[in-house]
Ligand code: RI2
């Protein structure tokens, strides 16, 4: 079944990257809506909600995932028949997928303006949004080069250097711990985001906060490329972003871990970079200081605070 298959691929990181996860979830909900047979509207809704919950449960940190699911599921809201609900989901999913692709293109054009001819850029992990800015600057004829980190433990840096290489961009590949050593040669850091909180903090791949710290110390600008659907509406009411802790055997093989009974491997997949270390967040709606995250959440995600209040009340009652 498409939902289980997509959920498994997201969990195992065969599908990864906050934007890609969101698009894959939207596509899975669309295909699921199309495959669910004739039944009552209530049964259809229940089936779709079950699918939505399965997808959301796969990875807890990237808010692009619940945001995309929320956007697609609102297609059901006003439906009076199964057919209307089905069309609602399909339309919302297709619109989300194409607007998310357009968002990356707009971010590329805006982000590229912040890259100057001759710049040395440092990027961490593999972000479609961040790489799109770098590739666009190169396409515009700017002479740039890039430091790309390895990104332990899943080595997403290998995907990044392949993409940069294929674009013909001069790239230096470094281990994560070399960032401090090279930062004085760097003009600009560009990374992506899995979540942006209401106070402008950026949650991104583990190691990003160290990169930001090094950049801050060396007075190197730090730019984050993030579509508006990576901003976290629920942080408005105090909800915290959960940092995913992945299996220890991604860091240390089981056969070695078994010989070290006093050692526990910790494998947090993301960390939080405070707003004061970030110069700019490039969204498809424009480049903003991180302190404007609240405006993005209110204006562009379009979810009223009343909705959060009622959802919190529902959740509260549910937990009692
Ligand atoms: P785009 C990724 O998470 C990385 O942390 C990356 O910076 C972020 O998502 C945003 O990626 P993971 O799925 O949406 O590799 O810009 O854990 O591609």
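Readers should treat all values here as calculations from the given coordinates under stated rules, not as data from a laboratory. In this text, all values refer to a predicted model and were calculated from it rather than measured experimentally. Glycine also receives a Cβ, built like all others from the backbone with ideal geometry; neighbour counts cover every protein chain displayed.
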Which of 145, 98 has the fewest Cβ neighbours within 10 Å, and the rest in rising order = 98, 145
Two pseudo-spin positions, 7 Å from Cα along C-beta at residue 140 and at residue 180, lie apart in nanometres by 3.4
Measure nothing but the geometry: give the 0 to 90° angle between the long axis through the Cα atoms of 18-35 and the longest principal axis through the Cα atoms of the chain, rounded to 10°.
-> 20
The chain: most fluctuating residue of 88, 248, 37 per GNM, C-alpha cutoff 10 Å | 37
Inter-label distance, nm, simple model (7 Å from Cα along the C-beta direction), residue 170/residue 257 = 4.2
Could you tell me which of rounded, prolate or oblate describes the chain, using a ≥ b ≥ c as the square roots of the eigenvalues of the alpha-carbon gyration tensor, with rounded for a/c under 1.5 and, failing that, prolate when a/b is larger than b/c and oblate otherwise?
-> prolate
By how many degrees, between 0 and 90 and to the nearest 10, does the Cα long axis of helix 64-73 differ from the longest principal axis of the chain?
-> 30
Residue 53/residue 221 FRET efficiency (R0 41 Å; Cβ-Cβ; nearest 0.05) | 0.55
Rank the residues 131, 34 as a footprinting-exposure proxy: fewest other Cβ atoms within 10 Å of their Cβ go first.
-> 34, 131
Want the number for residue 34 to residue 102: 0.36 nm per residue separation, take away the alpha-carbon distance, what's left?
-> 22.0 nm
Going by how many other Cβ atoms sit within 10 Å of their own, how do 96, 231 line up, fewest first?
-> 96, 231
Under the helix-only model (-39500 (n - 2.57) for each DSSP H run of 4 or more, divided by the residues of the chain), the mean residue ellipticity at 222 nm, to 500 deg cm²/dmol, is -14500 deg cm²/dmol
Do you know the relative contact order of the chain, to the nearest whole percent, from alpha carbon pairs under 8 angstrom that are 6+ apart?
-> 16
